[in-house]
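Input: a single structure, listed below in structure tokens.
The values are calculated or read from the model by the stated rules, or taken from the named source; none is laboratory data. Just so it is clear, the structure is predicted and the values come from calculations on it, not from any experiment. Cβ placement follows ideal geometry from the backbone for every residue including glycine, while neighbour counts extend to all protein chains displayed. We work out accessible area using only protein heavy atoms, side chains counted, and drop any ligands, DNA or RNA first. Shrake-Rupley method; radii C 1.70, N 1.55, O 1.52, S 1.80 Å.
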Amino acid sequence: MSQFTMSQFAFPPPPPSPAADAFRAEIRDFLAAEVEHRPALDRAQSWNGLDPAFSRKLGARGWLGLTWPKRYGGQERSGLERYVLLEELLAAGAPVGAHWIAERQSGPSLLRYGTEAQKAAILPRIAAGECFFCIGMSEPDSGSDLASVRTRAEREGDGWRVNGTKLWTTNATHCHLMILFCRTGPLDREHRHAGTSQFLVDLTLPGITIRPVRNLVGEHHFNEVVFEDVRLPGDALLGREGEGWAQVTGELAYERSGPERFLSSFRLLVELVRVLRPAADARAEIALGRLGAEIITLRRMSRSVAGLLQAGADPALEAAMVKDLGALVEQAIPEIARDLVADGPPTPQARAFAEVLAYTTLHAPSFSLRGGTREILRGIIARGLGLR
Amino acid sequence: MTNSQADARSDPQADDAGAMLRETADRLLADRLTPQIRARGAAGEWPGDLWAALDELGLPAAILPEAAGGFGVPVADALSLLTVAGRHALPLPLADTMLAGLALARAGIAIPPGPLAVAQGSEVRLDAAGRATGQAWGVSFGRHARAVVVLADGPDGPVLVALPRDALAIEPGLDIAGDPCDAVRVEAVPAPSAPAPFGAAELRAAGAATRALMMAGALDAVSAMTVGYANERRQFGRAIGQFQAVQQSLAVLAGQAASAAVAAGLAAEAVAAWAGASGPGLLPAVAAAKVRTGEAAGQGTAIAHQVHGAIGFTQEHRLHRYTGRLRAWRDAFGREAEWAQVLGRHLIAAGPDGLWPAITAA
């Protein structure tokens, strides 16, 4: 039992990690050389920022797949050390988008469900920053209701034939592989989650068409990925046939609790402090303090979940809470920042602030949509409370 | 002394010591903090028998070093007792007695037996003969305290003073929950004192930490009782907790309660480090905790009342015991804006490049 155990949710203090503290200084030195010179707007892109060369640099240092077994290219270091690395990268505004999904989600899924051949072939490439992944879950008619997916893989000979359309597939044009979630059995109205499976899909296969979907700013991150009679080999199946739902939901605590769930707007806060600092008034101090209190608390909650994950627990509910609360803060930051800064002469600092403010404001709606909408997260929390 | 207390003393594992203390306190309050006791307290009577029961278990002294009459429980574990106090909406000065004891022990002043108070604000001078003159306010349960701890101006600098009860002129008042919150005056009163081992801002922060811990406990209880009510109360042929609108509100309440608990944990660790005169000090952890728990108290209280409907607005229903104290505790030892300004100033002073290191140091 932890010291401040809640009735329904537990956020025990993260275990002390002297190794992580030492690691932090090493990471900060690296970031000072590699990231600090980058323009404020680039750094504000947070984990949307794409720079494959930077990802390879991290890979060369052994900083991708830090916790994985050495035989798969990892370093066998602790989850809390990896946490420090992630939060330092995000706080600095490092361009981590190219490898982010592969390192956070796809690699751990492979480790858990992959065959020895799959792991040996793919994990070292992820760890080197040379193999990027996208997630094939959402479809035109399946967003929050993932069990309603219609993309289907049919057995054909030793392999599979896939037809269907995936949507909102981030960075598909930059990725080598997709983990595809689709139907492999008939839809059972009583057990809607049954009959789904996951596949490792090489995005260069014939029959796959990737079309860009520009976001409201005009950027191309999203894609539509169409599968027309795509032939997958038998060893493309990830994990067990029919277990897709359980495998996908098993990743959620990793996907929803990390520092990227409360630091998406952090660079705006940095630019805000830069412009406020010469003459911050009481109103600015109070506003900054409120945001600081949220971030300090969320960071502790997020690290607590990292400690639980490291200890082998499945803190899916706690992770949902981190993501729900984190998105609120991420979305509050641009609203508060715009209120605290009046217009003035276009100094370089003022210009950087204005650019970062605009970028963050326009992207803010996505923070409570991606990775599980606010309403879905709160529904999960409510069920965890015993409400049905 | 009970068996569980003996276990708590000898247990080498700090966390288990805290768990044991909390269980002991929880059982005692579940048994003894009856509606009758609450009614007597609300009518202005001192529930001395309940205090005696707490005292007999050694709970108010649990935070003290062994030399000062404690039994060697880590300070953070002893502080976690205050989450239990919050969970029971305790109408007794456990928090201030613990804090006063901790402060007096650090200053080397003998700790008077019985309930103690810590003034939220004061203007007191100590003359060369050791006599105190001035006033103090925001003194929770001041009329029942054996001594009121204040920081005063002494002839050679700041001093910590234990104003003795018998010499106090009390101006009684009530906080928003109806618990005593008095002002006191002293005029040339001989009082035990010692050079202050910390400043007024630190004492105020330590007080804020105690309220953060109690708010965390109270919010936990409020979240649980509100979920329970939503599962029982039926309208339109089903439990109101089956409506998505209500479920979403309850999820927000639980999130605020969880966030408050985590923030309060940070505050407890900071106070423990401060009590041992080590660590980075009370800032920014306590400032963050008081802001966050105070905000959570505001949001959580509003949702709990909304879900409980009219019955939760009655004197008869227990909800107001918790929500009233949440409102009192978020006001005590500095409201959210006060601590937000302290924290904000700290973060802005760190500058754009120091902002993140200031956050990871918290």
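Do we find a residue being within 30 Å of A:Thr360 (Cα to Cα), open to solvent by 10 Å² or more (accessible area, probe 1.4 Å) and part of a strand (DSSP E or B) anywhere in the stretch A:174-190?
yes
Go through (1) within 24 Å of B:Ser122 (Cα to Cα); (2) within 14 Å of another protein chain (Cβ to nearest Cβ); (3) of a type in the set (A, V, I, L, M, F, W, C) and name the single condition B:Ala328 misses.
(2)
Taking interchain pairs and intrachain pairs at least six residues apart, which have beta carbon atoms under 7 angstrom, with the first residue in the stretch A:348-368 and within 18 Å of A:Thr170 (Cα to Cα) and the second of a type in the set (Asp, Glu)?
Short answer, once both residue conditions are applied: A:Ala364/A:Glu330; A:Phe367/A:Glu330.
Give the residues of the stretch B:310-348 that are over 19 Å from B:Lys290 (Cβ atoms) and assigned to a helix (DSSP H, G or I), sorted by residue number.
B:Ala310, B:Ile311, B:Gly312, B:Phe313, B:Leu319, B:His320, B:Arg321 - these are the residues of the stretch B:310-348 that are over 19 Å from B:Lys290 (Cβ atoms) and assigned to a helix (DSSP H, G or I).
Kindly provide the set of residues from the stretch B:48-60 that are buried (at least 21 other Cβ atoms within 10 Å of the Cβ) and either touching a Gly at 6+ places or on another chain (Cβ under 9 Å) or not assigned by TED's automatic domain parsing to the domain that holds B:His144 (or both), ordered by number.
B:Leu50, B:Pro60, listed by residue number.
If you check B:Arg325 against the conditions, is it more than 26 Å from A:Ser304 (Cα to Cα), crowded, with 24+ Cβ neighbours inside 10 Å and not polar (S, T, N, Q)? Step through it out loud before you land on a result.
Details: more than 26 Å from A:Ser304 (Cα to Cα): yes; crowded, with 24+ Cβ neighbours inside 10 Å: yes; not polar (S, T, N, Q): yes.
So B:Arg325 passes the test.
Within the stretch B:74-89, can one find any residue that is buried (at least 24 other Cβ atoms within 10 Å of the Cβ) and more than 14 Å from chain A (Cβ to nearest Cβ)?
Looking for residues that are buried (at least 24 other Cβ atoms within 10 Å of the Cβ) and more than 14 Å from chain A (Cβ to nearest Cβ), one finds at least one in the stretch B:74-89, hence yes.
Mind counting the residues in the stretch A:185-201 that are within 17 Å of A:Glu154 (Cα to Cα) and either in contact (Cβ under 8 Å) with a residue 40 or more places away in the chain or touching a helix residue (DSSP H, G or I) at 6+ places or on another chain (Cβ under 9 Å) (or both)? Working first, answer last.
Just the residues of the stretch A:185-201 that are within 17 Å of A:Glu154 (Cα to Cα), to begin with: A:185-188, A:194-201.
Filter once more, so that each one left must be either in contact (Cβ under 8 Å) with a residue 40 or more places away in the chain or touching a helix residue (DSSP H, G or I) at 6+ places or on another chain (Cβ under 9 Å) (or both): A:185, A:187, A:194-201.
Here the count works out to 10.
Looking at this structure, is B:Thr301 among the hydroxyl-bearing types (Ser, Thr, Tyr) and open to solvent by 10 Å² or more (accessible area, probe 1.4 Å)?
So B:Thr301 fails the test.
Quick check on this structure: which one of A:Arg290, A:Arg283, A:Arg299, A:Arg256 is within 16 Å of the chain's Cα centre (by Cα) and within 10 Å of chain B (Cβ to nearest Cβ)?
Going through A:Arg290, A:Arg283, A:Arg299, A:Arg256 in turn, the sole match is A:Arg299.
Which residue out of A:Leu387, A:Leu340, A:Leu377, A:Leu325 is modelled with pLDDT under 95 and within 14 Å of chain B (Cβ to nearest Cβ)?
Going through A:Leu387, A:Leu340, A:Leu377, A:Leu325 in turn, the sole match is A:Leu387.
I need a count of the residues in the stretch A:266-280 that are surrounded by 24 or more Cβ atoms within 10 Å (Cβ to Cβ) and more than 9 Å from every other protein chain (Cβ to nearest Cβ).
Count: 2.
Name the residue, out of A:Ile122, A:Ile101, A:Ile135, that is within 30 Å of A:His191 (Cα to Cα), β-branched (Val, Ile, Thr), part of a helix (DSSP H, G or I) and open to solvent by 10 Å² or more (accessible area, probe 1.4 Å). Outline the logic, then answer.
Values: A:Ile122 fails: within 30 Å of A:His191 (Cα to Cα); A:Ile135 fails: part of a helix (DSSP H, G or I).
Unique residue meeting the criteria: A:Ile101.
I need every pair where a residue in the stretch B:91-111 that is without any contact (Cβ under 8 Å) to a residue 40 or more places away in the chain has its Cβ under 8 Å from the Cβ of a residue that is crowded, with 24+ Cβ neighbours inside 10 Å and in a helix (DSSP H, G or I), sequence separation at least 6 or different chains.
From residues that are without any contact (Cβ under 8 Å) to a residue 40 or more places away in the chain, there are no pairs.
Return the residue satisfying two criteria in turn: it lies in the stretch B:172-205 and is of a type in the set (D, E, K, R) and surrounded by 14 or more Cβ atoms within 10 Å (Cβ to Cβ), and of such residues it is nearest to B:Ala132 (Cα to Cα).
Going through the qualifying residues, I end up with B:Arg185.
Considering only residues that are open to solvent by less than 50 Å² (accessible area, probe 1.4 Å) and over 23 Å from the mean Cα position of the chain (by Cα), which ones fall in the stretch A:351-381?
Passing the criteria: A:Ala352, A:Phe353.
Within the stretch B:232-244, which residues are closer than 15 Å to B:Ala304 by Cβ and within 7 Å of chain A (Cβ to nearest Cβ)?
Result: B:Gly241, single match.
Quick check, is B:Gln247 surrounded by 21 or more Cβ atoms within 10 Å (Cβ to Cβ), within 33 Å of the chain's Cα centre (by Cα), without any contact (Cβ under 8 Å) to a residue 40 or more places away in the chain and within 9 Å of chain A (Cβ to nearest Cβ)?
For B:Gln247, the condition - surrounded by 21 or more Cβ atoms within 10 Å (Cβ to Cβ), within 33 Å of the chain's Cα centre (by Cα), without any contact (Cβ under 8 Å) to a residue 40 or more places away in the chain and within 9 Å of chain A (Cβ to nearest Cβ) - is met.
Mind listing just one residue for me: the one in the stretch A:52-71 that is open to solvent by 30 Å² or more (accessible area, probe 1.4 Å) and among the small types (Gly, Ala, Ser) and, of those, nearest to the chain's Cα centre (by Cα)?
A:Ala53
Which one of these does A:Pro14 not meet: (1) within 16 Å of A:Tyr83 (Cα to Cα); (2) more than 14 Å from chain B (Cβ to nearest Cβ); (3) touching a helix residue (DSSP H, G or I) at 6+ places or on another chain (Cβ under 6 Å)?
Every condition holds for A:Pro14 apart from (2).
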